[in-house]
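The values are calculated or read from the model by the stated rules, or taken from the named source; none is laboratory data. From a predicted model like this one, the values you see are computed outputs, not experimental measurements. Here the Cβ positions follow ideal geometry from the backbone for every residue, glycine too, while neighbour counts run over all protein chains shown. Accessible surface is based on the protein model in full, side chains and every heavy atom, while ligands, DNA and RNA are left aside. Shrake-Rupley method; radii C 1.70, N 1.55, O 1.52, S 1.80 Å.
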Amino acid sequence: MTATIQFGSAARGPGRDRPIATIDPIDYDLPGDEAFLATRRGMCRVATVAAEAGARFQRDGTGVDPMAWMLAPRTMFGGEAPIDACRRRGPFLRGVLVHGLGLDLDMGAEEVDDLLEGDASTLAAAPPDRPHRSGGGRAVIPTSLPAPPPRLFTATVVSRDGFETLHAFHASLAVDDAEVADRLFCRMGDAAADAIIVEGFDASDPMVEALVAPAIANTLALVADDPVSPLAAGLDLNVEQRFLG
């Protein structure tokens, strides 16, 4: 298995428009392989961001290669590749937030840090540049009436089918809870019958505390207060844990 990765847009410039050296993870270790010190916590951060990236790209159906994203320099990490930068806490939080909320992959570091601090003022005048992902079916609205404004709905799921146990959290914009129920059914099938759907966001819910990172929870609280803000554009968050038995 060989991966040849091209530099992303952040790496363009004189002398940098070239492919990264070919990396074959199946090959044997070589004396010339680059070595570095890393803590177990740092490696867990990299693994978490990689998992978030893979889940996001599969969910979006964009065809982006998660490995290519992890190995190419990125603007939000100051030109570092995620596999290097995300060993540190700050870049790690940026990566989790961007993928967890489906944000622009080319966002700058300061923009993401503003979101992490709960300050969306720098994005207030920026129109969304990505399409809204509606997920499942839309609610039917009479054409003679104006469409009601979208609101933030969240859902928690605890489901057991005799083979595995599913713990899940979902957040998206919708006109009513029926629209959210349709999305959940399209995503997880019969397990959606066990969903508890509420309008708004309750950060104190035990399932939320267990599944949702604090930075994402802070952003969801902002979206709940202002569902038409740029932060809310395209929001479709799904976090799942599955256990055998």
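Every residue in segment 66-83 that is among the charged types (D, E, K, R) and touching a residue at least 40 places away in the same chain (Cβ under 8 Å), please.
Passing the criteria: only Arg74.
Collect the residues in segment 216-245 that are aliphatic (A, V, I, L, M) and either under 20 Å from Gln58 (Cα atoms) or modelled with pLDDT of 90 or more (or both), keeping them in residue-number order.
Ile216, Ala217, Leu220, Ala221, Leu222, Val223, Ala224, Ala233, Leu235, Leu237, Val239
Got a sec? Which of Ala85, Ala47, Ala81 is open to solvent by 30 Å² or more (accessible area, probe 1.4 Å) and among the small types (Gly, Ala, Ser)?
Ala47
Looking at Gly136, is it at pLDDT below 80, under 21 Å from Leu152 (Cα atoms) and buried (at least 16 other Cβ atoms within 10 Å of the Cβ)?
When the stated conditions are applied, Gly136 passes them.
So which residues in segment 162-207 are touching a helix residue (DSSP H, G or I) at 6+ places or on another chain (Cβ under 9 Å), more than 17 Å from Asn238 (Cβ to Cβ) and either buried (at least 19 other Cβ atoms within 10 Å of the Cβ) or among the acidic types (Asp, Glu) (or both), if there are any at all?
Matches in segment 162-207: Glu199, Asp202.
What do you reckon, is Arg130 surrounded by 11 or more Cβ atoms within 10 Å (Cβ to Cβ) and modelled with pLDDT of 90 or more?
It is false that Arg130 is surrounded by 11 or more Cβ atoms within 10 Å (Cβ to Cβ) and modelled with pLDDT of 90 or more.
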